[in-house]
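Taking it in order: structure first as structure tokens, then the write-up.
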Amino acid sequence: MESLILAVSLVCALAPSTQLNAAESKSAPSKIAETKAEYVKKAHAELNELSGKIDALELKAKAAGSEAREGMDKKLAALKAQRKTAKRDFAKLRHASGKAWISFKAGVDDGINELKKAYDEAAKD
């Protein structure tokens with residue numbers, strides 16, 4: 001009888017913490033979704049900004065003389081290819097469900113950083 005009372009007491013003592021853990025686990029997916037939404041917003045803004053800069057650089061190159069334009073055209077072609085890759089990686093991340101988007105995050109970060117570096121190099125000239 002004493003062991004039954006002890007067991008019931010133990011279950012009652014643990015029940016509130018179990019409910020708290022269940023509540024915490026229910027909120028975990030929403031925290032992940034919020035984090036993903038925030039990241040998507042930030043990465044999208046960065047890609048749009050870089051895309052605008054690349055387009056402006058292209059207009060500048062078109063206004064330049066033929067000699068300067070020739071070298072710029074090669075750099076712009078490389079920039080556009082990098083932009084296309086970065087946007088493709090971003091789209092994969094954006095459409096990933098649950099925690100799967102995290103596996104794409106590093107690739108998107110790397111793509112954006114490489115695109116920034118390539119743009120900075122092309123804009124110097």
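The values are calculated or read from the model by the stated rules, or taken from the named source; none is laboratory data. Computed from a predicted model, the values in this text were never measured in an experiment. Don't worry about glycine lacking a Cβ; one is built from the backbone with ideal geometry, like all the others, and counts go over all protein chains shown.
Tell me which residues, restricted to the stretch 74-91, are of a type in the set (Gly, Ala, Ser) and either outside any helix (DSSP H, G or I) or farther than 19 Å from residue 107 by Cβ (or both).
Within the stretch 74-91, the subset of a type in the set (Gly, Ala, Ser) is 77-78, 81, 86, 91.
Within the stretch 74-91, 77 is the sole residue that qualifies.
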| query | Out of the residues in the stretch 35-71 that are over 16 Å from residue 123 (Cα atoms) and basic (Lys, Arg), which is surrounded by the most Cβ atoms within 10 Å (Cβ to Cβ)? | reply | 36
| request: Quick one: in the stretch 32-76, of everything that is at pLDDT 85 or above and acidic (Asp, Glu), which residue is farthest from residue 91 (Cα to Cα)? | output: 73
